[in-house]
Structure formats: C-alpha cells, structure tokens
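J.: Attaching a single structure in structure tokens format; questions to follow.
The values are calculated or read from the model by the stated rules, or taken from the named source; none is laboratory data. Since the structure is predicted, the reported quantities are computational estimates derived from the model, not experimental observations. Virtual Cβ from ideal backbone geometry, glycine too; neighbours counted across all protein chains shown. Only protein heavy atoms, including side chains, enter the accessible area calculation; ligands, DNA and RNA are left aside. Shrake-Rupley method; radii C 1.70, N 1.55, O 1.52, S 1.80 Å.
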Amino acid sequence: MPTYFHLDMDAFFVSVEELFDPALKRKPVVVGGRPNERGVVSAASYAARQFGVHSAMPLRTAYKLCPQAIFVDGHPERYREYSGKVYQALQSFSPLVEMASIDEAYLDMTGTERLYGPPLRAAYLLHERILRSTQLNCSIGIAASRLVAKISSDLAKPNGVLWVIPGHEAAFLAPLDVRKVPGVGKVTEKNLHALGIRKVGDLAKLEESFLAERFGKWGLALAGKSRGLDAGGWFDTAIGEDTGPKSISHEHTFSEDTADIAQLEATLARLSEMVGRRLREHRLHAGAIQLKLRYSDFSTITRARSLSRATQLDTELFQQARELFRRNWRTGAPVRLLGVHASGFEEEAPQMDLIGEEHHERWKQTLAAADRLRERFGESAVSLAAGMRGQFRERTHENPAGLPGKKPKG
DNA sequence: TCTGGGGTCCTAGGACCC
DNA sequence: TCTGGGGTCCTAGGACCC
C-alpha cells in the first residue's frame, strides 16, 4: 500500500508578499494588480476571502466586494524563489518529490516509516521543516492515492494535516461536492447536476458504463476518481519522473483594445522574443507556432502552422507569428489580446544546408549575446528591430547587440 | 462581474495514405 | 456512378488547473 503526501502552500502569493511587507499581515490583501486594471485576482488573503473575494475573479469585482482591501501587484520572481526554497526543503526530506505547480508538491512517502515514523508524525516533521526554511505555512494531505491526498490537503487548509486512512476513502469522499474532485470544473459540475449528481457518493453509485456512455473517456476517469483511484494521464507517471515542457507561450492583454498595426506587430515581436528566449534556455526547437487573437467581444481564435524546420530563433518565430496575424486579423477590428505559442519540440538542432548554416550560426551567437544582456539589464534591454516601433520604442536601445539583418523602414 | 497568464489534456473533423 | 476501412497527422477549440 503506497503512501502519498500532497503539500499545498497556504495563500502562497499573499504569504510571500507578507514576508516582504509585514504590514500586510492579517489584512484583506488582493494580489494581481490595481482595482481599476484589466485583470483578475491571482490570490486573496483569508481576510479578503471573508468578503467573497477569490482567485480568478476580475479585480474590479473584488474592489466592489472589498474596497478597503490592499491591492498589490504580483511578483513572479519572488514566488519562483520561494517555490525553489520549498522544493529544496522537500528534497532534504525525501528524494521522491514532484512540484505539481508553483505552490504544491507530491511526495511518495511509501516505506519511510522506519525513518520518520507513522504518516501523521512524518507530516508534522515536514510541516515544521517547511516553516523553518521558508517562514511559510502549508497544509498536507495524506492518502494511499495522489488524488485523495490532494483532496484531503484542500480540506486540511489552512495550516493543517489530514490523513485518510487506507480503506476509508469511499466514506471520506462520499459527502463531498463533485466540484472537490480535481478535473471537475464549472461545466462538468453543471452537467452532473443536470443528472441529479451532486456529491461524490452519487457518482460512485453509478455504473461505469453509464458514465462512459455519457462522458466518454472522461466519464470512465470520473468513475475511477469517485472511488479515489489514480488513473490515466499524469497519474501513470512515477513521482519525480522528469518530463520537459510540452509547450511554451506568452500572451499579452492590452490595457485598451487596439487596431494600431505598429503596436500590434511590436507586441508580436516582443512575445516572439520571450518565447525564443525560453526555448533557448531549455535547448528546445519548436516545430509548430500558434497565434492567439482575441477581439473586443472576447471572441478568440487560434491559428497554427507546422514549420518545415524546427527553430528557436526570435526572427523566425516572429516571421511566422506575423504571417499568421496578417492572414487572420479582421483588419481594423480592435484587438484585446495577442499570444505566441510554441510546441512540437525537438531537442537537437535540425540539419540545414550549408548556405543557411552560416547565417543561422550568426543569429544564434547574436541571440546568445542578447540573452546575456537581458540577464544583466532586464527583459527590455534588447529587442528585435520590429519591437522598436510602437509602444516599446522608449524602452529599447538601438541595436545594442549588433543584430545582423536589415534596419526597419521608417 | 466583464473576464490574466502560463500550462496540460481531450475531442473532432479533414487530409492523406495504404 | 457510387463506393471500403483504418491509422495517423494536423488544426481549432474548449475544459480545467494554479
């Protein structure tokens, strides 16, 4: 019988912000931006949650519910730093660790009784170690499956530990709302409610075949989940097994919708550079590029194309993204969001003919130099030529890395 | 309410091949 | 003139998670 821990940091973003500004402690705090900005709540303190504020809620709505809340911008670097500290502490505790997101992790604790004692004792030791090394609180769920461990860490919050003793899974799950099952969101919940299914116990009573007929493959997985079983997808991989990224993307929502072609293409250039940089960090080449385009009415299209040769070069990514944009933009229609998405990764640089080789090599060296400059002076220090037009003009330098190629017109 | 940004996984239709 | 079946790849969209 395996033993899994699911560890989830309590109000992670808010708690990290409190470490940098202790005056925020115990106050209603909303992380995500100013109340009059376009955007949603990334995280809300427990005091803010009392007013009905929760993550993913528009900032304007949060302000209406809780005008006295302190609104702060998010600091992704800080969260990454503290996520790293959490990971270090976990690794010092057990080698079989996997971060499932920036603020949660699974541990395979099977067979550690001799080292740490029974599960509850191990969990308290771990809880102490996390607090000591990060100054942050967490909650821990313990179970014989990762799924049940995750659900129980949610119920243990805040700052608690909950162990579902093997054999008691069904009794634990039965009274919970179906929404508590990871993977059941708004839509599935509504579909289940329409069938009179509200609790996990209602789900577990149904025949597998009924769910499979109704919801296909997803229905089958759901039947298993309602019984507390790990099955399918990520659950089939061992904890700690390293699977690299499958896609890399960046997107931007404009503070005001725009139809200004210079601003739109400058944004595409910047997004392409950000994607290219991440590709090079991971030593990956993208075999496919996708453009995302959202209009004022929130209608969204994606347009993708496979590349004849995989690439990690900003210029090639930008060329493809711009081509997709020019072909698919309803000319003149104001745009709310643009995104550039890379996938179909290959690790090794693909073969090229000799003539292309020299040009390609020069670009690679140039971009490596640009990446080093960005490391020293920040993301906006270096930019593609097209990025110099439009809104980013003031933030870029004239060709600081000696970029090869033509200068932009105008 | 007026809706971010970064991901993963699944479905479904059409192209294409044998 | 009307007519296969299966497999795989590509593309678009959507549900969901943090």
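Okay, residues lined up against (1) more than 10 Å from DNA strand B (Cβ to nearest atom); (2) more than 22 Å from the chain's Cα centre (by Cα):
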| residue | (1), (2) |
| --- | --- |
| A:Asp257 | no, yes |
| A:Ile261 | yes, yes |
| A:His282 | no, no |
| A:Ala288 | yes, no |
| A:Thr315 | yes, yes |
| A:Gln320 | yes, yes |
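J.: If you don't mind, another one. Go over the candidates A:Thr331, A:Thr315 one by one and state the one that is buried (at least 20 other Cβ atoms within 10 Å of the Cβ), more than 14 Å from DNA strand C (Cβ to nearest atom) and outside the structural domain of A:Arg60 (by TED's automatic domain parsing). Give the steps one after another, and end with the answer.
T.: Details: A:Thr331 fails: buried (at least 20 other Cβ atoms within 10 Å of the Cβ).
Only one candidate passes the filter, namely A:Thr315.
J.: Going residue by residue through the stretch A:175-188, is there one that turns out to be outside the structural domain of A:Ala11 (by TED's automatic domain parsing) and more than 12 Å from DNA strand C (Cβ to nearest atom)?
T.: yes
J.: Does A:Arg214 fit the bill of being more than 22 Å from the chain's Cα centre (by Cα), not β-branched (Val, Ile, Thr) and not in a strand (DSSP E or B)?
T.: Details: more than 22 Å from the chain's Cα centre (by Cα): yes; not β-branched (Val, Ile, Thr): yes; not in a strand (DSSP E or B): yes.
Answer is yes for this residue.
J.: Now, a different point. Out of curiosity, is A:Arg305 more than 21 Å from A:Asp371 (Cβ to Cβ) and free of Cβ contacts under 8 Å to residues at least 24 places away in the same chain? It would help to see each step written out before you state the result.
T.: Working: more than 21 Å from A:Asp371 (Cβ to Cβ): yes; free of Cβ contacts under 8 Å to residues at least 24 places away in the same chain: yes.
Criteria met by A:Arg305.
J.: Within the stretch A:239-266, take every residue that is within 22 Å of A:Ser101 (Cα to Cα) and out of contact with any strand residue (DSSP E or B) (no Cβ under 8 Å at 6 or more places or on another chain) and give me the one that is nearest to DNA strand C (Cβ to nearest atom). Working first, answer last.
T.: Narrowing the stretch A:239-266 to residues within 22 Å of A:Ser101 (Cα to Cα): A:239-252.
From what's left, out of contact with any strand residue (DSSP E or B) (no Cβ under 8 Å at 6 or more places or on another chain): A:242-243.
Values: A:Asp242: 19, A:Thr243: 16 Å.
Per the stated criteria, the residue is A:Thr243.
J.: Condition first: open to solvent by less than 60 Å² (accessible area, probe 1.4 Å) and either over 12 Å from A:Arg38 (Cα atoms) or in contact with a Leu (Cβ under 6 Å, 6 or more places away or on another chain) (or both). Now tell me which residues in the stretch A:49-61 satisfy that. Talk me through it step by step, then tell me what you get.
T.: Start the filter on the stretch A:49-61 by keeping residues that are open to solvent by less than 60 Å² (accessible area, probe 1.4 Å), which leaves A:52-53, A:57, A:59, A:61.
Matches in the stretch A:49-61: A:Gly52, A:Val53.
J.: Something else now. Counting only residues that are of a type in the set (D, E, K, R) and open to solvent by less than 60 Å² (accessible area, probe 1.4 Å), how many does the stretch A:191-205 have? Give the derivation first.
T.: Taking the stretch A:191-205 first, the residues of a type in the set (D, E, K, R) are A:198-199, A:202, A:205.
Cutting the leftovers down to open to solvent by less than 60 Å² (accessible area, probe 1.4 Å) gives us A:202.
Counting residues in the stretch A:191-205 that are of a type in the set (D, E, K, R) and open to solvent by less than 60 Å² (accessible area, probe 1.4 Å) gives 1.
J.: Is it the case that the stretch A:99-111 has a residue that's more than 12 Å from DNA strand B (Cβ to nearest atom), in the same structural domain as A:Ala144 (by TED's automatic domain parsing) and aromatic (Phe, Trp, Tyr)?
T.: Yes, some residue in the stretch A:99-111 is more than 12 Å from DNA strand B (Cβ to nearest atom), in the same structural domain as A:Ala144 (by TED's automatic domain parsing) and aromatic (Phe, Trp, Tyr).
Matching residues to (1) within 23 Å of A:Lys150 (Cβ to Cβ); (2) open to solvent by less than 80 Å² (accessible area, probe 1.4 Å):
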residue: A:Asp177; (1), (2): yes, yes
residue: A:Pro182; (1), (2): yes, yes
residue: A:Glu189; (1), (2): yes, yes
residue: A:Leu220; (1), (2): yes, no
residue: A:Thr237; (1), (2): yes, yes
residue: A:Asp257; (1), (2): no, yes
residue: A:Ala262; (1), (2): no, yes
residue: A:Thr267; (1), (2): no, yes
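J.: Any chance you could count how many residues in the stretch A:87-107 are under 18 Å from A:Asp154 (Cα atoms) and surrounded by 14 or more Cβ atoms within 10 Å (Cβ to Cβ)?
T.: From the stretch A:87-107, those under 18 Å from A:Asp154 (Cα atoms) are A:98-107; that's our starting set.
Now narrow it down to the ones that are surrounded by 14 or more Cβ atoms within 10 Å (Cβ to Cβ): A:98-100, A:102-107.
Summing the residues that are under 18 Å from A:Asp154 (Cα atoms) and surrounded by 14 or more Cβ atoms within 10 Å (Cβ to Cβ) in the stretch A:87-107 gives 9.
J.: Give the residue that is most open to solvent (accessible area, probe 1.4 Å), with candidates limited to residues of the stretch A:33-48 that are of a type in the set (A, V, I, L, M) and out of contact with any helix residue (DSSP H, G or I) (no Cβ under 6 Å at 6 or more places or on another chain). Reasoning before the result, please.
T.: Pass one, the stretch A:33-48, residues of a type in the set (A, V, I, L, M): A:40-41, A:43-44, A:47-48.
Restricting the remaining residues to those that are out of contact with any helix residue (DSSP H, G or I) (no Cβ under 6 Å at 6 or more places or on another chain) gives A:40, A:44, A:47-48.
Working: A:Val40: 73, A:Ala44: 3, A:Ala47: 29, A:Ala48: 0 Å².
Going through the qualifying residues, I end up with A:Val40.
J.: Out of the residues in the stretch A:222-235 meeting the condition of being free of Cβ contacts under 8 Å to residues at least 24 places away in the same chain and within 21 Å of A:Pro175 (Cα to Cα), tell me which one is surrounded by the fewest Cβ atoms within 10 Å (Cβ to Cβ).
T.: Initial filter on the stretch A:222-235 (free of Cβ contacts under 8 Å to residues at least 24 places away in the same chain): A:223-224, A:231-234.
Within this subset, residues satisfying the condition of being within 21 Å of A:Pro175 (Cα to Cα) are A:223-224.
Working: A:Ala223: 21, A:Gly224: 17.
So the residue we want is A:Gly224.
J.: Quickly run through the stretch A:9-29 and pick out the residues that are open to solvent by less than 20 Å² (accessible area, probe 1.4 Å) and within 16 Å of DNA strand C (Cβ to nearest atom).
T.: Of the stretch A:9-29, the ones open to solvent by less than 20 Å² (accessible area, probe 1.4 Å) are A:9-12, A:14, A:16-17, A:24, A:29.
Listed by number, the residues that qualify are A:Met9, A:Asp10, A:Ala11, A:Phe12, A:Val14, A:Val16, A:Glu17.
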